[in-house]
Amino acid sequence: NRAANMDPILRAVLKCQFVDRVLLSNNNSRKRVDDFISVSDRRFASIDQTSDQRPGNRWSIARDQLSDCEIILALDDDVFLYPRQIRQLVARVQAEPQSVHGFAGMTGRSYRSESDEIVDHVVRAYATTQDNIKRYFELIGRMGEAAADVERIGDDIVISLAAPGPPRIHAVGLVLSCASSTQDGVAVNREDDFTSVRDLIFSE
């Protein structure tokens, strides 16, 4: 739903020379990603999904197609990080690989950012490891009825809590957000059952 954001997001990531691979999944089957990007880099590849996919699909892609990458950085499509901020998040997961790291998170129903603290779960940008992605799928396999909604609306909760260490956010400076980050019909967090379903996933 935010195809116009892809080019600037990709350009910032590709400025980081320590990044080995960049994989963009276009989860909107009604659009072609090549119509919206103009980057050319041997590290970059894209996937146009044949059917619409939900946010949790990123972890299946990371597991199946980025298995050679020890550290994974997953970004929501409404977040614009500077290269230095990407470097900061990667450094954090290198220092503490037992936790999922980000710049924003939730404590209860309170949105937390611009601070260094432990949160209930990370949101919007996730720096983690392949080992934790494996734990993510193991945890889903042990969940009850909430498991069906994880990929649709709660993958951020499960990836954060699958890690052995607590989810952590870090003060990386001002993070730019797309104006549609809270827009009805675009933002996942504006869906009717968002809060109730996520409460169930968290309790499971």
TODO: Obtain the nm distance between the two label points defined at S67 and L176 by a simple spin-label model: each point lies 7 Å from its Cα along the Cα-to-C-beta direction.
DONE: 3.8
Task: Solvent exposure, largest accessible area first (probe 1.4 Å, DNA, RNA and ligands not counted), of S203, S51 - done: S203, S51
TODO: Could you grab the relative contact order for the chain? Cα pairs under 8 Å, six or more apart, rounded to a whole percent.
DONE: 22
- [ ] Taking just the C-alpha trace of the chain, give me its Rg and Dmax in Å.
- [x] 15.9, 44
TODO: Report the GluC sites (Glu not before Pro) located in region 106-142 that are in a DSSP loop and have at most 12 other Cβ atoms inside 10 Å of their Cβ, or state none.
DONE: none
Task: Shape call, region 94-175: gyration tensor on alpha carbons, a/c limit 1.5 - done: oblate
Task: Percent of C-alpha pairs per 5 Å bin, region 1-98, short to long - done: 2, 12, 23, 25, 23, 10, 4, 1, 0
Task: Equivalent ellipsoid dimensions for region 40-85 as semi-axes, Å, which come from the Cα gyration tensor, largest first - done: 19, 15, 13
- [ ] Let me have the relative contact order for region 1-50, percent, based on Cα pairs under 8 Å that are six or more residues apart.
- [x] 44
- [ ] Note the full-extension length gain between R42 and M143 as 0.36 nm times their separation in residues minus their Cα-Cα distance, in nm to one decimal.
- [x] 32.5 nm
Task: Counted charge near Q85, where neighbours are those whose Cβ lies closer than 13 Å (Asp, Glu -1; Lys, Arg +1) - done: +4
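The values are calculated or read from the model by the stated rules, or taken from the named source; none is laboratory data. Remember, it's a predicted structure, so these values are computed and weren't measured experimentally. All Cβ positions, even for glycine, are placed from backbone atoms using ideal geometry, and neighbour counts span all protein chains on display. Side chains included, ligands, DNA and RNA excluded: accessible areas come from the protein's heavy atoms. Shrake-Rupley method; radii C 1.70, N 1.55, O 1.52, S 1.80 Å.
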